[in-house]
Amino acid sequence: MNFNPMYITFGLYLVLVLGIGVTAYLATKNFNDYMLGGRSLGAFVTAMSAGASDMSGWLLMGLPGTVYLVGLSKSWIAIGLVVGAYLNWRLVAGRLRVHTEHNGNAITLPDYFYHRFGKSTRIKLASAAIILFFFTIYCASGIVSGARLFQNLFPEISYMQAMWLGAGATIAYTFIGGFLAVSWTDTVQATLMIFALVAAPVMVYLAAGGAEQVSAAVQAASAASGKQYASLFGDLTWLGILSAAAWGLGYFGQPHILARFMAADSVKSLTGARRISMVWMVACLGGAILVGYFGIAYFGAHPDETAAMRGDHERVFIALTMLLFNPWLAGIILSAILAAVMSTLSAQLLLCSSAITEDFYKGFFRPDATQKELVWIGRGMVLAVSALAIIIAADPASRVLDLVSDAWAGFGAAFGPLVLLSLFWRRLTEKGAFVGMVAGATTVIVWIRYVNPAMKSADMETLYSLVPGFIISALAAWLVSLWDKPPAAEPLQRFDAARQAYRTEAEK
């Protein structure tokens, strides 16, 4: 194996993240440190960690690829994500940070639900099971994405070698350093991602010849293919736009993003974090869209170079980077794809570990477990979930991986309405919360397995499962709570205290 610049760049990057893991290990004193960093994250780290753990390899491969294939009409997904993320920061972040402290100093979402609704065991079990199920599959998807990246860049290695190479470093620093390692590496990875997504579209734009040449090349490609590459609406109907933009609804229920809000050192720091995070997000999503759009122009003008994509439109970012950048700089920019995969995978591994350790092991088997014991159980669960994910990922064609694209909808429908109502409506009852959560998850699964296939068979346009799932979950929680008797005095007192504390902190 020749040690070209790309190998050296990737090697240095992996050494860096492992070094951060060791540093975080030395700063981890108890289980709260391991799972939430001791609620000590400042504005910058909170913002960058939330962004990096949110955006996976999809940001640098899937989004540019689908824009390259279809055109700007795919930007509605990004528009929906930006709106949803902003509302999540405004409505949920600070309130969740305060409410979790007032409800048993909860460090996981299931633990928060448990205390918020009068120590409800069934809500804690159901929410932990949902997290464990979907995130184990998510982890497998991340491992496959990393393996595919290494195979694309280094075709001489096998899929299994690529899988272990991609997953090994992520598992190692998550195992060693926990939440602090994940958050600190997320900061490095988010910085790397925004650098790549600013530099790449600028280079492609210049290589394509500038504004006039890009416009002419895109128009020529549109005429040749019959597609409306330059149109924001394209062939989309209002239902298609709704399905794409509705991705933003999912933010309210994503445990790995909500955990970053819970770990902030104060409500005030979340205000600064919101501004940093939204600038980062808009820049990254805009850059990814422009890479795909300018790629249409570049490859339209240089058809002989399309072979660099190897017939896969999702390789457009990789192909353009390798064609246009110096090998040393290309290695740095392509490391951003690995950073996107690793940041999301590490957050998912840690959430699975916390669900097992805090919500099952401590909650039901060892309530008096020591902090040291919980930290090592947490580390053990990182390895256990990783092993299961690797078993699934070892067969990249496994049908279970098809569920990954719908996990965002599953979390958004199951937890999104519940999180919002639990923070804003004191009348929400335990029974309403439980029924709403189950109804949301069930609706998504039924819609995916039966409704959308039936709509396709009837030549009807499908609807993203998150939309009906979110609506039915919210309605079920609201109606059942109104039908049920009011909550007990103690949960209401905690809710009022948390609401007043949030108002006080927000006014500082």
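With a 1.4 Å probe and all protein chains left in place, how much of the accessible area of the chain comes from carbon and sulfur atoms, in whole percent? Show your work: numbers first, answer last.
On the way: 12890 of 19700 Å².
Whole-percent figure for carbon plus sulfur exposure: 65.
Assuming R0 = 41 Å, what is the FRET efficiency of Leu125 and Ile8, from their Cβ-Cβ distance, to the nearest 0.05?
Working: r = 48 Å, r/R0 = 1.18.
Working from the Cβ atoms, E equals 0.25.
Taking a probe of 1.4 Å, how large is the accessible area per residue of the stretch 62-186, in Å²?
Working: 3610 Å² over 125 residues.
I get 29 Å² per residue for the stretch 62-186.
Before anything else, pin down the relative contact order of the chain: Cα pairs under 8 Å, at least 6 apart, normalised by residue count, whole percent. Display every interim value, and only then the final one.
Numbers: 852 pairs, mean separation 150.0, N = 508.
Taking the mean separation of contacting Cα pairs over the length of the chain, I get 30 percent.
Projecting each Cα onto the charge dipole of the chain (Lys/Arg +1, Asp/Glu -1 at the beta carbon, about the Cα centre), which of Thr462, Met309, Trp478 comes out farthest on the positive side?
With unit charges placed on the Cβ atoms, the residue in question is Trp478.
Using label points projected 7 Å from each Cα along Cα→Cβ, tell me how many nm separate Ala220 and Val451, to one decimal.
Computed distance between label sites Ala220 and Val451 equals 4.6 nm.
Is it possible to state the helix-based mean residue ellipticity at 222 nm for the chain, with each DSSP H run of 4+ residues giving -39500 (n - 2.57), the sum divided by total residues, to the nearest 500 deg cm²/dmol? What is it? Spell out each step's value before the answer.
On the way: 21 runs with 369 residues, N = 508.
So the calculated ellipticity at 222 nm is -24500 deg cm²/dmol.
How far apart, in nanometres, would the label points at Ala497 and Lys268 be if each is projected 7 angstrom from Cα along the Cα-to-Cβ direction?
Simple spin-label model gives 2.3 nm for this pair.
Grab the Cα-Cα distance for Val282 and Phe133, subtract it from 0.36 nm times how many residues apart they are, and report the gain in nm with one decimal. Walk me through the intermediate numbers first.
Working: separation 149, 0.36 × 149 = 53.64 nm, distance 3.07 nm.
Using 0.36 nm per residue and subtracting the Cα-Cα distance, I get 50.6 nm.
Helix 489-506: angle to the longest alpha-carbon principal axis of the chain, degrees 0 to 90, nearest 10?
For helix 489-506, the angle is close to 50 degrees.
For Asp395 and Phe365 in one chain, what is 0.36 nm times their gap in residues minus the Cα-Cα distance, to one decimal in nm?
Values: separation 30, 0.36 × 30 = 10.80 nm, distance 3.40 nm.
Gain in length upon complete extension: 7.4 nm.
Per residue, what accessible area does the stretch 370-486 have, given a 1.4 Å probe and all protein chains present, in Å²? It would help to have the intermediate numbers written out before the result.
Details: 5380 Å² over 117 residues.
That works out to 46 Å² per residue.
Of Lys119/Lys268; Lys124/Lys372; Lys227/Lys456, which sit over 26 Å apart, Cα to Cα?
Values: Lys119/Lys268 29 Å; Lys124/Lys372 23 Å; Lys227/Lys456 22 Å.
In this structure, Lys119/Lys268 lie more than 26 Å apart at Cα.
Could you work out how much longer the chain between Phe424 and Trp483 gets when fully extended? Use 0.36 nm per residue separation minus the Cα distance between them, nm to one decimal. Spell out each step's value before the answer.
Numbers: separation 59, 0.36 × 59 = 21.24 nm, distance 1.85 nm.
Net length gain for the segment: 19.4 nm.
With each pseudo-label sitting 7 Å past Cα toward Cβ, what's the Phe154-Arg90 distance in nm, one decimal?
Roughly 4.6 nm, to one decimal.
Pull up the cross-link candidates among the aspartates and glutamates for Lys508, meaning alpha carbon to alpha carbon under 15 Å and not fewer than 8 places away within one chain.
Asp265
The values are calculated or read from the model by the stated rules, or taken from the named source; none is laboratory data. Remember, it's a predicted structure, so these values are computed and weren't measured experimentally. All Cβ positions, even for glycine, are placed from backbone atoms using ideal geometry, and neighbour counts span all protein chains on display. These accessible areas exclude ligands, DNA and RNA; they are computed on the full protein's heavy atoms, side chains included. Shrake-Rupley method; radii C 1.70, N 1.55, O 1.52, S 1.80 Å.
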